[in-house]
1. Scan the stretch 42-64 and give yes if some residue there is over 28 Å from Asn124 (Cα atoms), aliphatic (A, V, I, L, M) and touching a residue at least 60 places away in the same chain (Cβ under 8 Å), otherwise no.
2. Residues of the stretch 212-247 being small (Gly, Ala, Ser) and either open to solvent by 10 Å² or more (accessible area, probe 1.4 Å) or more than 18 Å from Ala308 (Cβ to Cβ) (or both), which ones?
3. Could you grab me the full set of residues in the stretch 160-208 that are of a type in the set (S, T, N, Q), farther than 19 Å from Glu237 by Cβ and at pLDDT 95 or above?
4. If you check Leu214 against the conditions, is it touching a Leu at 6+ places or on another chain (Cβ under 8 Å) and either over 24 Å from Ile170 (Cα atoms) or not polar (S, T, N, Q) (or both)?
5. Given the residues Ile113, Ile80, which is the only one that is surrounded by 19 or more Cβ atoms within 10 Å (Cβ to Cβ), farther than 20 Å from Gln157 by Cα and of a type in the set (A, V, I, L, M)?
6. Scan the stretch 150-166 for residues that are touching an Asp or Glu at 6+ places or on another chain (Cβ under 8 Å) and either open to solvent by 10 Å² or more (accessible area, probe 1.4 Å) or within 19 Å of Arg202 (Cβ to Cβ) (or both) and report the count.
7. Got a number for residues in the stretch 263-302 being closer than 21 Å to Ser236 by Cβ and among the aromatic types (Phe, Trp, Tyr)?
8. Using the structure shown, decide if Lys185 is within 14 Å of the chain's Cα centre (by Cα) and surrounded by fewer than 16 Cβ atoms within 10 Å (Cβ to Cβ).
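The values are calculated or read from the model by the stated rules, or taken from the named source; none is laboratory data. Nothing here was measured: the structure is a model prediction, and the numbers come from that model. Methodologically, a virtual Cβ is constructed for each residue, glycine included, from the backbone with ideal geometry; neighbour enumeration extends over all protein chains shown. Please note that ligands, DNA and RNA were not included when accessible areas were found on the heavy atoms of the full protein model with its side chains. Shrake-Rupley method; radii C 1.70, N 1.55, O 1.52, S 1.80 Å.
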Amino acid sequence: MTLTYRDAVAKALADSMRDEPRLTIIGQNLTGHALKQLAETYGTGRVRDSSISESAMVGMAVGAAMKGMKVVVMIAYADIASVCHMAIVQSAAKLHYLTNGRLNCPVLIRLPIARFRGHGPEGNEVAASWFYNIPDLNIVMPGSASEAYWNFREALQRPTPTLFFEDRSIHPRSGDVAEANPKGKAQITRSGDKLTIIAAGRTAALAEDAADELSRQGHRDAIEVVSLGFIKPLDSETVLRSASKTGRVLIVQDEPVWSGYAPYVRCLLDELPAGKLAVPPRILAGADQYLPFYDEQPFLPSLESVIAAARQVMK
């Protein structure tokens, strides 16, 4: 089955509503616009409009989870997660632990990143690093249609909440959706033996395009791409196995170099035996600044910068 990234997320939501009779969706202007068809199919009891209060939306989701429900919370933009940070951390993430596992919190909080839409510093922050040190909080950043579908479905099977970061800039990107759920494992989307590129979300798509372009330029079967999908918890086994295979690692992310998943992957690579890597791992990251309205691209990894960094590390 081939789907665009956007359609894969929509199908995951629709299939979850069909298969999970106790699943509810909470968001703003859903029944009249964004999810009108689902509201007509399942009713406004399961597709619920909320006031413009993200903290209240997450609070409602946690309360519903305490009564045995599963919930998808639709937040307009990823950086609005700062508004409901306390509800996510103090209520959703801690529920399972505080009740000694007696209560689960299968809540998925959908956080779109409005990349390259002229939003400037309001609407396009990745924001994953704001939550990286919170125990019992899963963080997903799919880089393909298959990951978007299966990471969504997997998140609703976990007893703890999940932040689902989807980058709208890759919504039109299409790909085959795997037949089986990889259960949160990182995916090897390109196979090679000279360099491993580790990335997630938009940058995983960039890494695939860079691998394809370098192959056309003569570096055939050189680049291995590890698309993380779940950036927390990290699939350390796949990361270490690929790094051991190629001996060279490039980590690419949109967040600044001292945040996001890159430093965590870099620390994980320190577990490899001395001499396993031919050169120290390199991080290619976004600029440590707000993104301007007029043009975000100079401040983020691009196809050209990924190719240039890959060539440098392979030297």
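1. Residues of the stretch 42-64 over 28 Å from Asn124 (Cα atoms): 42-46, 63-64.
Keeping just the survivors that are aliphatic (A, V, I, L, M) gives 64.
If we keep only those that are touching a residue at least 60 places away in the same chain (Cβ under 8 Å) as well, we get none.
Within the stretch 42-64, none of the residues are over 28 Å from Asn124 (Cα atoms), aliphatic (A, V, I, L, M) and touching a residue at least 60 places away in the same chain (Cβ under 8 Å).
2. Here is the first cut: in the stretch 212-247, the residues small (Gly, Ala, Ser) are 215, 218, 222, 227, 229, 236, 242-244, 247.
Within the stretch 212-247, Ser215, Gly218, Ser227, Gly229, Ser236, Ser242, Ala243, Ser244, Gly247 qualify.
3. Thr160, Thr162, Ser174, Thr203 - these are the residues of the stretch 160-208 that are of a type in the set (S, T, N, Q), farther than 19 Å from Glu237 by Cβ and at pLDDT 95 or above.
4. Details: touching a Leu at 6+ places or on another chain (Cβ under 8 Å): no; either over 24 Å from Ile170 (Cα atoms) or not polar (S, T, N, Q) (or both): yes.
It is false that Leu214 is touching a Leu at 6+ places or on another chain (Cβ under 8 Å) and either over 24 Å from Ile170 (Cα atoms) or not polar (S, T, N, Q) (or both).
5. Numbers: Ile80 fails: surrounded by 19 or more Cβ atoms within 10 Å (Cβ to Cβ).
After ruling out the rest, the residue left standing is Ile113.
6. Adding up the residues that qualify gives 2.
7. Counting residues in the stretch 263-302 that are closer than 21 Å to Ser236 by Cβ and among the aromatic types (Phe, Trp, Tyr) gives 1.
8. On the way: within 14 Å of the chain's Cα centre (by Cα): yes; surrounded by fewer than 16 Cβ atoms within 10 Å (Cβ to Cβ): yes.
When the stated conditions are applied, Lys185 passes them.
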